[in-house]
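Structure first, then comments.
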């Protein structure tokens, strides 16, 4: 599969239809400038086939999170958010199975893992679990599956959950010639260097009218 990269900072005067990058520039320019975090304007990885283009940009700078998480950033709790845009340029509605999305990373030579994306509840659980990150812990052990819901959720949990839900990628059906954008969350346990090996894996997208599954997307984030 062919992969391309784009830089939305460039001022494109002529839109070339066959370049997927140009489609995403248009989408970003639809937003008010004040709402565009600086880091999202850096080059993002994207992949395009069968009329669907997916762009992914990990947020690794704490300053980027302030517009979506003004009080506390998920990054401080070891979670990375990946700003994801799905553009459907086909004539069919596309359905994405969000529960099947994974972040594939290499922890060590013999330890490769497929991390599931976190729900808004998961994000809030991690962000309000102040004892989770022990600086003396070794960070090269296998990354555990997030813990289950905690009892006694307080207002800080509610605030974190709402912020994560509002900013998250939650649209599973994308109409023809429409786009969806949002954050996908993955708990890296502060091991952000794992992004150097990461691939965002989206295996299940289906054209509804034709009942036709698309080839999977595996977007290389290592650049």
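The values are calculated or read from the model by the stated rules, or taken from the named source; none is laboratory data. Fair warning: this is a prediction, and the values are worked out from it, not measured in the lab. With ideal geometry, Cβ positions are generated from the backbone for all residues, glycine too; neighbour counts draw on all protein chains shown.
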Check your understanding: residue 162 is checked against (1) closer than 19 Å to residue 76 by Cα; (2) crowded, with 20+ Cβ neighbours inside 10 Å; (3) at pLDDT 95 or above and fails just one. What number does that condition carry?
Key -> (2)
Exercise for review: Quick one: residue 101 ticks every box in (1) under 15 Å from residue 221 (Cα atoms); (2) in contact with a helix residue (DSSP H, G or I) (Cβ under 9 Å, 6 or more places away or on another chain) except a single one, so which number is it?
Suggested key: (2)
**Study point:** Every residue from segment 177-191 that is closer than 14 Å to residue 113 by Cα and not in a strand (DSSP E or B)
**Key:** 188, 189, 191
Check your understanding: Out of all the residues in segment 80-94, which are buried (at least 22 other Cβ atoms within 10 Å of the Cβ) and either closer than 22 Å to residue 124 by Cα or modelled with pLDDT under 95 (or both)?
Key -> 80, 81, 82, 84
Review point. Out of (1) at pLDDT 95 or above; (2) within 16 Å of the chain's Cα centre (by Cα), what's the single condition that is false for residue 52?
Key: (2)
